[in-house]
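Please read the structure below before turning to the comments.
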Amino acid sequence: MTGAALVHVIDDDAGMRGALGSLLRSAGFEVALHASTDAFRAAAVVDAPSCLILDIRLRGENGLDFQDWLAAERREIPVILVTGHGDIPMTVRGMKAGAIDFLPKPFSDEQLLRAVANGIEKSRERREAGAETARLRQGYGKLTPREAEVMSLVVTGLMNKQVAARLSLSEITVKIHRGNVMKKMEAQSLADLVRMAEQLGIRDESIHRFNI
C-alpha cells in the first residue's frame, strides 16, 4: 500500500485512542489506531512516511519491550513514547532505544502535533536515504569485480598509477575501469564517488595515497 503520512497509535485506553485519533485526523494525518502491540503487528504494512505514538504502560507487553522488538525486526519507524507514569529510567531506556520524543501525560495538543510532525519528517528523511542507498547498491552491483577493486582504491585518494601498481595493471587499463565505474555509479566527480562509497560502507580508511 502507498499513501499519505500515517500516524500509528498504540494505547489500550479506548478513550485516549479515540481522542488522539480525532486530533490527528483534524491535523490532516492518516491514522491507524491499535489497542495492543499485537494489533499493530497484525496490521498491514503501509508504504508511506509514518511515526508511532506508543504508550509505555500497556496491559501485557509494555511499550519499551515492544520498542526493542521494533529494533530487532528492523522496523524503522520514529517512536514517540507517552505515559502517565513516566520516570527517569524509563525515559533513558526509551531514548537510548531510539525514541525521538517522550511526552508525559497530560500533554498539550501542540506538544503532540509538534512531536508527530518531527517524526513524520524523520521518516521521510529515512525513506529518501534508503531509496538513495538502494540506487547506489544497484549501480555498485553492475560493476565487474575488477571495477569494484578499482573503485575501492580510487575513493581512498590513490592516483591511477598507484592503483595500477597495487593491482598489477597498466595505468591506461585503470583509467578505463575508472571511467566505467563513474558511468555505472552515475558519479559526477571523484568527491561524488567518495560520498557514494562512504554511504555504501566500502571505503577502506586504512589506505591512502601516502602509505603505499
With unit charges on the beta carbon (Lys/Arg positive, Asp/Glu negative), name the residue among Leu58, Val154, His8 whose Cα is farthest towards the positive pole of the charge dipole of the chain. Val154
Given Cα pairs under 8 Å that are at least 6 residues apart, what percent is the relative contact order of the chain? 15
Arg195 - accessible surface, heavy atoms, 1.4 Å probe, Å² rounded to 10: 100
Points 7 angstrom from Cα along the Cβ direction at Ala48 and Ser26: gap in nanometres? 2.0
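Kirkwood Rh, Cα Rg: Rg to Rh for the range 103-212? Present the calculation step by step, with values, prior to reporting the outcome.
Details: Rg = 20.4 Å, Rh = 16.2 Å.
When Rh is taken as the Kirkwood radius, the ratio is 1.26.
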Give, in nm to one decimal, the length gained when the segment between Ala148 and Glu128 is fully stretched (0.36 nm per residue of separation minus the Cα-Cα distance). 4.7 nm
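So which GluC sites (Glu not before Pro) in the range 65-161 pass both tests, a DSSP loop state and at most 11 other Cβ atoms within 10 Å of the Cβ?
On the way: sites: Glu73, Glu76, Glu110, Glu121, Glu125, Glu128, Glu132, Glu147, Glu149; in loops: Glu73, Glu76.
Taking the range 65-161 and a limit of 11 other Cβ atoms within 10 Å, the loop GluC sites (Glu not before Pro) found are Glu73.
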Rounded to the nearest 20 Debye, what is the dipole magnitude of the chain about its Cα centre when Lys and Arg each give +1 and Asp and Glu each give -1 at the C-beta? 1040
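Pop out the carbon and sulfur fraction of the accessible area of the range 22-130 as a percent, whole number, probe 1.4 Å. Don't jump to the answer; show the numbers that get you there.
Numbers: 2860 of 5850 Å².
Result for the range 22-130: 49 percent of the exposed heavy-atom area is carbon or sulfur.
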Can you give me the P(r) profile for the chain? Cα pairs, bins 10 angstrom wide beginning at 0, each as a whole percent. 8, 28, 21, 14, 16, 11, 3, 0
Grab the DSSP H runs of the chain that are 4 residues or longer, score each as -39,500 (n - 2.57), total them, divide by all residues and round the 222 nm result to the nearest 500 deg cm²/dmol. -17000 deg cm²/dmol
State which entries of Lys122/Lys142; Lys161/Lys183; Lys96/Lys122 exceed 27 angstrom in Cα-Cα distance in the structure shown. Lys122/Lys142
Give the Kirkwood hydrodynamic radius (Å, one decimal) of the range 1-80, defined as one over the mean of 1/r across all pairs of different Cα atoms. 12.8
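The values are calculated or read from the model by the stated rules, or taken from the named source; none is laboratory data. Remember, predicted model here, so these are calculated numbers, not experimental data. As a convention, Cβ positions derive from the backbone with ideal geometry for all residues, glycine included, and neighbour counts pool all protein chains shown. Each accessible area value is taken on the protein alone, full model and side chains, heavy atoms only, with ligands, DNA and RNA left out. Shrake-Rupley method; radii C 1.70, N 1.55, O 1.52, S 1.80 Å.
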